[in-house]
1. Tell me, yes or no, whether region B:3-20 has at least one residue that is closer than 30 Å to B:Gly238 by Cβ, open to solvent by 50 Å² or more (accessible area, probe 1.4 Å) and β-branched (Val, Ile, Thr).
2. Could you list all residues from region B:281-303 that are within 13 Å of another protein chain (Cβ to nearest Cβ) and either touching a strand residue (DSSP E or B) at 6+ places or on another chain (Cβ under 7 Å) or of a type in the set (Phe, Trp, Tyr) (or both)?
3. Looking at region A:115-136, which of its residues are open to solvent by less than 10 Å² (accessible area, probe 1.4 Å), within 11 Å of the ligand (Cβ to nearest atom) and among the hydrophobic types (A, V, I, L, M, F, W, C)?
4. In region B:261-280, how many residues are under 23 Å from B:Ile425 (Cβ atoms) and within 9 Å of another protein chain (Cβ to nearest Cβ)?
5. Given the options A:Pro152, A:Pro93, name the one that is within 16 Å of the ligand (Cβ to nearest atom) and out of contact with any Asp or Glu (no Cβ under 6 Å at 6 or more places or on another chain).
6. Taking A:Gly161, is it away from chain B (no Cβ under 13 Å) and either closer than 25 Å to B:Gly192 by Cβ or open to solvent by less than 20 Å² (accessible area, probe 1.4 Å) (or both)?
7. Quick one: would you say B:Ile396 is out of contact with any strand residue (DSSP E or B) (no Cβ under 8 Å at 6 or more places or on another chain) and part of a loop (DSSP other than H, G, I, E, B)?
8. Got a sec? Which of B:Lys196, B:Lys200 is over 22 Å from B:Gly453 (Cα atoms), facing another protein chain (nearest Cβ under 10 Å), within 14 Å of the ligand (Cβ to nearest atom) and not in a strand (DSSP E or B)?
Amino acid sequence: MYQLLKQIVKVGIKTEARPLADESMRVLAGRLNDEVLRLLGRALTIRHVDPGSCNGCELEIHALNNPYYNLEGLGIKFVASPRHADMLLVTGPVAKNMEQALRRTYAATPEPKLVVAIGDCGCSGGVFGENYACRGAVANVLPVDVTVPGCPPTPTAIMQGILTAISGKAGTKA
Amino acid sequence: MEISAQPVPGAVPAWRKQVDAERWRTLAEQLLSAGSRLGALWASDERDRGGGYLLRALYVIFEGLLIAELRVDPALATYPDLSDLFACAGRMQRAAFDLCGMRAVSISGEIPDVRPWLRHGAWPADAHPLHREHALSQPHPQTEERYAFVPVEGEGVHEIAVGPVHAGIIEPGHFRFSVVGERVLRLEQRLGYKHKGIEKRFESLSLAEGIRLAGRVSGDSTVAYAWAYAMALEGMAGTTPPARALYLRALFLERERIANHLGDLGSLGNDGGLAFGLAQFSRLKEDMLRTNAALFGHRYLMDRVVPGGVAADIGDSESAAILAEGERLRTELRTLRAIYYNHAGLQDRCITCGRLTPRTAATLGVVGLVARASGHAIDLRVHPGHPPYGELQPEIASHRNGDVAARIVVRFEEAFESLKLQRRILHRLPTGPIAASVCTPDEAAFGIGWIEGWRGEVFVALEAGPNGAIRRCHPHDPSWQNWPALEHAIIGNIVPDFPLVNKSFSLSYAGQDL
Ligand code: SF4
């Protein structure tokens, strides 16, 4: 126990300043009203769905919870059920074998159902493209609010994407 | 080695051998009794060249690799089953039917398992995407197909089905547990959800372009796949990468191993009730990724291995920075290892949990770190080895217990060993160019790549088409062998321990779904 505490004290707090929203990632015009944005800004819940990534994007989503990015510290939490989620974070192209599961997850998510597509694959199909087994971009299957390019996008870029989706800047009142 | 086998040029010792159906089977029996393993099995369509279908089985023999090649008459489209000899053949044979339309038939004339594996209804049973006439983007109506899970009956037995979408940030797959109370009687996996046509997609690319896709078969092993692909292509083209490039590839591969082991050690601590571990290891991993980004231009080193060499070089100051980082990491790892090994709660969760005995591991042909934690000292870097590992003299980490605790020990030991190799690489880094040019291989040239990635051995088999096109590319992930072993390791454990056991295997869905 002593060693464990010593290690915690020695390492100290590593969390860095959060990045800003980036409007260039926005696909759909902001569709949340100020009240919702204010609430989400305090406690946002995210459900991650992987309908076909190479698993590279997952590594960076995991990194969001390391002490440097400390996403939970911003009040943003990953949840185990779509029913508790405000946002779906979707990685990879959509494999046809996962299309139905993705649609079902979306259907189970309560409004406002923000969708953020992660990575070049989520944006466009990436290196896999569209084929007999693959639908390509997430937007081919679901309405997407924000896309975050990169292969994989850095944790900072993913945070920017999430924050863009819930930022009010271009927010038109719903 | 059989006299009639023909050598495959390249960095690893490999031979190929044409066999008939009878020899396909007797060779397998003979290799099994000699202690060889089945590394991979895949099918191709050669009808356009008058060769019918072509099935290949890649064996890991003492001397290296032996690839048995069987021509299959398309009118019959059957071949002798190997799954009774090599259990891991079962799923690969089912995948070969889904993609290329030929069936394994047992000695008694039965089809051992008719259920599809990669085909879930995205294409009909009579369409086979790897047939030459099947277009890459051929449209098919989506059908919904029921999958026949094996029923388990008995008093008090009930089923728990999870997935394909899991709670947590993980890849999709389906797990069906048959349990009594909390105890697992049986686990059946269903995978293939992420199948996205990778092998067919390769055939629309040139040999030069293919490496980018190879590096994205399983993103967490991008260096291993890219190197395996490059090795196959260089073998076909008769190119030997410069010594400096090979050392830098080894540096990338060992850094990939360390980063993944750090990530898993953190998650294992967390799943074992020590959240402290996740915070500590994820910080150490992030430090490494940032160094990768600063020095090599990519956090996971994607696209840094290129045909003929590498795409990133370092100077003396970068080398010194990596060495200093390595020293810091070694000190921190020692501290964390002591905390993990002395933490009664964590040890209590991990010792005897999810045990894979050496015997079961051998029967299932398990590979990589899971094999090493179950008493099998197999590691390609050590034997038969390939440049530059002969000069680096890596040592194998292994353990006999085969439980979660053993898989944690092996990860710690391998991380220390990789740090040692990193020091050797940087101290001995040869001078000179970092890439050689790769000429276009002749049509029908065949190459093989074999790399010991952090998870286990990765293969890439590559064939050239005309004018530098890919005719066929088959990437093989070690998860093919290790997924079935997880079904065994969980038996008798309680359901709440599944995440911990699953994490200790840390297998790729993307890599096996293709
Ligand atoms: S964007 Fe890149 S890292 Fe992400 S799933 Fe696609 S290939 Fe993998």
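1. yes
2. Listed by number, the residues that qualify are B:Phe281, B:Tyr300.
3. A:Ala117, A:Ile118, A:Phe128
4. So the count comes out to 1.
5. After ruling out the rest, the residue left standing is A:Pro93.
6. Working: away from chain B (no Cβ under 13 Å): yes; either closer than 25 Å to B:Gly192 by Cβ or open to solvent by less than 20 Å² (accessible area, probe 1.4 Å) (or both): yes.
Spelling it out, A:Gly161 is indeed away from chain B (no Cβ under 13 Å) and either closer than 25 Å to B:Gly192 by Cβ or open to solvent by less than 20 Å² (accessible area, probe 1.4 Å) (or both).
7. Working: out of contact with any strand residue (DSSP E or B) (no Cβ under 8 Å at 6 or more places or on another chain): yes; part of a loop (DSSP other than H, G, I, E, B): yes.
For B:Ile396, the condition - out of contact with any strand residue (DSSP E or B) (no Cβ under 8 Å at 6 or more places or on another chain) and part of a loop (DSSP other than H, G, I, E, B) - is met.
8. Exactly one residue qualifies, and that residue is B:Lys196.
The values are calculated or read from the model by the stated rules, or taken from the named source; none is laboratory data. The model shown is predicted, which means the values in this text are computed figures rather than measured ones. Using ideal geometry, Cβ is built from the backbone for each residue, glycine included, and neighbour counts are taken over all protein chains shown. Only protein heavy atoms, including side chains, enter the accessible area calculation; ligands, DNA and RNA are left aside. Shrake-Rupley method; radii C 1.70, N 1.55, O 1.52, S 1.80 Å.
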